Amino acid sequence: MAGKSYRDLDVWREAMDFVVQCYRMAGTFPKSEMCGLTSQLQRAAVSIPANIAEGQGRQHEKEFLQHLAIAYGSLAEVETHVQIARRLEYIEGEKESQMLERTARIGRMLNGLKKSVEERIPGR
């Protein structure tokens, strides 16, 4: 990926927009959740584009794949936090659906990038 910036990756841009959406949603949670669900959701959301960026900046494709796997794990964590927020009635069902649709889209994008990176590894 020499010469290409992580900022050029569609999945990174989508994940960055998703972070903003997660922060805005978490901002509606009760103040008692500031150190709980709010913090966990924000941390996991930030981890997605951060790991995409860090992985793209690594010298080896296998390291990039490792960071994409971490980003995917963080995406699953965000999905879980969204579902918890719904169960606690911090968000409506429609908001949960919107968020989960977006995580599914980002997941597909991560999988596509992963396949592209794997194709560049000799012997794979």
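Rule-based calculations on the coordinates, nothing more; no lab input. Since this is a predicted model, take the numbers as computed values, not measurements. Reconstructed Cβ throughout: ideal geometry from the backbone, glycine too, with neighbour counts over all protein chains shown.
Reported count of residues in region 18-34, each being small (Gly, Ala, Ser) and closer than 11 Å to residue 82 by Cβ, is 1.
Inspect region 100-109 for any residue being more than 14 Å from residue 45 (Cα to Cα), in contact with a Leu (Cβ under 8 Å, 6 or more places away or on another chain) and surrounded by 13 or more Cβ atoms within 10 Å (Cβ to Cβ) and give the result as yes or no. The answer is no; no qualifying residue exists.
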